[in-house]
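Worksheet: one structure, shown below.
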Amino acid sequence: KTHTHTHTHTHTHSFRPDENVTLDFVHGYRGWDCQGNVLYTVTDEIVYFAGSVGLVLEPNSRRQKHYLGPASKQGQLKELISVCMHPSGAICAMGERSINASIYIFDLSTMATLRELENAHEGGISAMAFSKDGKRLVSSGMSAKERTVSVWDWKNDKKDTPLCSQVLRSPKILALGYNPRDDVVVACGINMIEFLRVGLSRTGQRVLEHLPGVFSVSNRATHNVSPSMLSVAFTKTEFSIAATVNNSVEGLCLTGSDLGNIYLWKREEQIDMIVAAHKSSVYALATFIN
C-alpha cells in the first residue's frame with residue numbers, strides 16, 4: 001500500500017506510515033548445498049529453512065511459523081545452512097553461515113529462543129546433532145583453515161564455550177551423530193569417518209578422544225581412497241520380549257557413503273557389514289525401533 005503526500009513536511013522527524021508489515025509466507029527451500037535439513041516435529045509439522053528464516057510448516061493448512069532470531073537480532077540472522085531435531089521433537093537447533101557463525105536453539109511451538117551459542121564456529125555450521133537425553137549438542141565448523149567438532153552443554157547458560165573440541169582433517173564434515181548408547185560422536189565427511197569419545201583428561205578436563213574409522217583391505221584395493229560418508233544413523237530399541245529374542249541392540253552405527261553402500265560398524269573403528277543399497281550416494285538414513 002502506498003500513500004502520496006502533496007505537501008512538504010517541515011518536521012524534523014521522518015514520516016512513518018500507520019501500517020506495519022508482517023511476514024506471512026516464505027517460498028523456497030535451501031537444498032543445493034545442504035542435506036538432512038527437512039525434519040518432522042512431534043506434532044507432524046515440517047521444519048526447514050530458506051534464506052535466513054527458520055520455518056515450521058503445518059502441511060494440511062499450509063500455514064507457516066517463522067523463526068527470525070532472538071529478540072535482540074530479529075531479522076538479522078545470517079543465511080541458515082544446518083538444522084537438527086531435539087529428541088523431544090519440540091525443540092530444534094539451526095546453524096548459520098558467517099565469518100563468526102552462531103547456533104540458535106528454539107521452541108517449535110512458540111518459536112521462542114531457548115539459547116544462542118554465539119560465535120560457535122568460524123565460517124559456518126555444517127552439521128549438528130543432539131545427544132539422546134537432549135542435554136548436549138555437537139556441532140561442526142567450516143573454517144577455511146580447519147574443521148572443528150565441538151560438544152556443548154547448551155542448557156548451561158553460564159557456560160559460553162564448548163565442553164570440548166577436536167580438529168579433524170576433512171575438507172568438510174557432512175553429518176554428525178550422537179550415539180544413544182554412550183558418549184560417542186560420529187563425524188562423517190569427505191573421504192573420512194571418525195569416532196570421538198567424550199572423556200576426561202588427566203587434569204579432569206573434558207576432551208574429545210578420536211579414533212579414525214578403518215575400512216577393509218578389500219575396499220581399499222578397489223578404491224584408491226576411503227569413501228566419503230554422507231549420512232549416519234543408529235539402531236533403536238525399546239524393552240520387549242521380541243527385542244530380547246531377536247538380540248536387538250541399541251546404538252549400532254550405520255553410515256551411508258557416496259558409493260551407494262550402507263556400512264554397519266561393529267565397534268567404533270571396525271566395519272561389521274557392507275550392504276550395496278543404492279546405485280548412487282546415500283544422502284539420508286532413518287532407523288526404526290527394533
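The values are calculated or read from the model by the stated rules, or taken from the named source; none is laboratory data. Owing to the predicted nature of the structure, the values given are computational and were not obtained by experimental measurement. Positions of Cβ are generated from backbone atoms using ideal geometry, with glycine treated the same way; all protein chains shown enter the neighbour counts. Surface accessibility is based on the protein's heavy atoms, side chains included, excluding ligands, DNA and RNA. Shrake-Rupley method; radii C 1.70, N 1.55, O 1.52, S 1.80 Å.
Annotations for the structure displayed:
- Looking only at residues of region 72-96 that are among the small types (Gly, Ala, Ser) and surrounded by fewer than 21 Cβ atoms within 10 Å (Cβ to Cβ), we find that the one that is modelled with the lowest pLDDT is 75.
- For region 171-201, filtered to residues that are β-branched (Val, Ile, Thr) and assigned to a strand (DSSP E or B), the residue that is farthest from residue 236 (Cα to Cα) is 173.
- Being closer than 28 Å to residue 148 by Cβ, open to solvent by 80 Å² or more (accessible area, probe 1.4 Å), at pLDDT 60 or above and not in a loop (DSSP other than H, G, I, E, B) is a property that does not hold for residue 230.
- For region 25-71, filtered to residues that are in a strand (DSSP E or B) and hydroxyl-bearing (Ser, Thr, Tyr), the residue that is most open to solvent (accessible area, probe 1.4 Å) is 40.
- Within region 142-170, the residues that satisfy the criterion of being over 24 Å from residue 236 (Cβ atoms) and among the hydrophobic types (A, V, I, L, M, F, W, C) are 142, 144, 163, 164, 167, 168.
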